[in-house]
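The values are calculated or read from the model by the stated rules, or taken from the named source; none is laboratory data. Computed from a prediction, not measured in an experiment: that's the story for all the values here. Positions of Cβ are backbone-derived with ideal geometry, glycine not excepted, and every protein chain shown enters the neighbour counts.
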Amino acid sequence: MPLAASRRVIDLNNLFVRSADPSWFIRRAEAEGFPRTCCSWIRGLYGLLRTAGIEGAIFVTGGDCSNTHAMMETLLPALRTVFTFSFPVPPAREALHLELERFAAAFGTTLAAAEAMSRRLAPIRAALAELDRLTWQELRVTGAENHQWLVSASDFGGDPDTFARDLERFLATARARPARRPALRLGVLGVPPIMTDLHIFLEARGAAVVYNEIPRQFAMLDDQPAATLTDRYLAYTYPYGVGPRVTDIRREVERRRLDGLIHYTQAFCHRQIHDIVFRRELAIPMLTIEGEAPGPCDPRTRLRLESFLEILHERQG
């Protein structure tokens, strides 16, 4: 919708975690009263919004983080413009269609104009689907690269045209690489890790991450066909609870021939509870890890990851 209204879009999650010192924004939020028991993403986003000179923001107030609405209320005096979007729960086509129309109108545009913009962006999503295929099928793209590109698709770096050119250059380079031969094929479930080196740590030990669950959903790849924006956002599993995610994960575990899963959970996030369902419903070895603040994996997490890889190697015989 914002792109259809000729607005520039920046995903504040990406801006926060890729900044030179993400912890500075967290400390700023704590200095203004945010408790340390609040998720680091929320504290960091609050600190960023308070200090980066941002005048307007979009808040997803339904289907995402349970703390977003409260954070928005604390920021209302400082922000000139606030937009909200809420995914209907349970998912319902008519309710979602009406919410998309309302959201478009808030930007002074229409759902039809947004559909036209979606068609313009389709080649980028197709290229990202090819990048994902090169990750799991041809093993020419690393899990860290896959994660970075798919997460970046949430805002296309603020410039879809430049993003598309950079992506095509990357794909040309990746296609020319030799295929890797990893000993293990892994998937990473959950919100994008706040840990900065998880994928690199795993791949340095012979385990290729060939499935990044939520980043793949963020990118809305065109190997997930949808006729309209309403269809696309109905097919998007992230906002609608754990059931649609389990269905998607099962399909990808089989398609990508995974040996194991790592479920990343964010400290103080309600989505941690979904781990109970994953362990009940997914018949595959799984390790659950927790991250709290931006930075590399801590020694305890590294030890647990290494032990999990050893178990998977033993299962292979």
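Odds and ends about this structure:
- Taken over region 130-152, the criterion of being of a type in the set (A, V, I, L, M), buried (at least 18 other Cβ atoms within 10 Å of the Cβ) and not in a helix (DSSP H, G or I) is satisfied by Val141 alone.
- When region 191-229 is filtered for residues that are out of contact with any Ser or Thr (no Cβ under 8 Å at 6 or more places or on another chain), aliphatic (A, V, I, L, M) and part of a strand (DSSP E or B), only Ala207 remains.
- Within region 221-241, the only residue that satisfies the criterion of being crowded, with 20+ Cβ neighbours inside 10 Å, closer than 23 Å to Leu198 by Cβ and in contact (Cβ under 8 Å) with a residue 60 or more places away in the chain is Leu221.
- In the set (1) more than 22 Å from Leu15 (Cβ to Cβ); (2) without any contact (Cβ under 8 Å) to a residue 24 or more places away in the chain; (3) not aliphatic (A, V, I, L, M), Asp166 fails one condition alone, (1).
- Residue in region 46-55 that is among the hydrophobic types (A, V, I, L, M, F, W, C), more than 17 Å from Pro239 (Cα to Cα) and modelled with pLDDT under 90 present: yes
- Positions within region 88-129 being in contact with a Leu (Cβ under 7 Å, 6 or more places away or on another chain) and assigned to a loop (DSSP other than H, G, I, E, B), in sequence order: Pro88, Pro91
- Counting only residues that are in a loop (DSSP other than H, G, I, E, B), crowded, with 17+ Cβ neighbours inside 10 Å and either touching a helix residue (DSSP H, G or I) at 6+ places or on another chain (Cβ under 8 Å) or without any contact (Cβ under 8 Å) to a residue 40 or more places away in the chain (or both), region 39-63 holds 2 of them.
- Hey, Val188 touching a Phe, Trp or Tyr at 6+ places or on another chain (Cβ under 7 Å), of a type in the set (A, V, I, L, M) and either in a loop (DSSP other than H, G, I, E, B) or buried (at least 21 other Cβ atoms within 10 Å of the Cβ) (or both) or not: yes
- In region 21-36, the count of residues that are touching a residue at least 24 places away in the same chain (Cβ under 8 Å), part of a loop (DSSP other than H, G, I, E, B) and buried (at least 20 other Cβ atoms within 10 Å of the Cβ) is zero.
- Near pairs, Cβ below 6 angstrom, 6+ apart or cross-chain, from region 118-145 (closer than 21 Å to Met1 by Cβ) to any residue that is part of a helix (DSSP H, G or I) and of a type in the set (A, V, I, L, M): Ser118/Leu229; Ile124/Ala164; Leu128/Ala219
- Only one entry of Ala172, Ala179 meets the criterion of being part of a loop (DSSP other than H, G, I, E, B), at pLDDT 95 or above and out of contact with any Pro (no Cβ under 7 Å at 6 or more places or on another chain), and that entry is Ala179.
- Here Leu48 fulfils each of the conditions (1) within 21 Å of the chain's Cα centre (by Cα); (2) closer than 26 Å to Gly108 by Cα; (3) not charged (D, E, K, R) apart from (2).
- Of the residues making up region 98-114, those that are in contact with a helix residue (DSSP H, G or I) (Cβ under 8 Å, 6 or more places away or on another chain) and surrounded by 18 or more Cβ atoms within 10 Å (Cβ to Cβ) are Leu100, Ala104, Leu111, Ala114.
- Test: residue in region 242-249 that is among the acidic types (Asp, Glu) and either over 16 Å from Pro215 (Cα atoms) or touching a residue at least 40 places away in the same chain (Cβ under 8 Å) (or both): no
- The condition of being among the basic types (Lys, Arg) and modelled with pLDDT of 95 or more holds for Arg165.
- Hey, Thr135 among the hydroxyl-bearing types (Ser, Thr, Tyr), within 22 Å of Cys269 (Cβ to Cβ) and touching a strand residue (DSSP E or B) at 6+ places or on another chain (Cβ under 8 Å) or not: no
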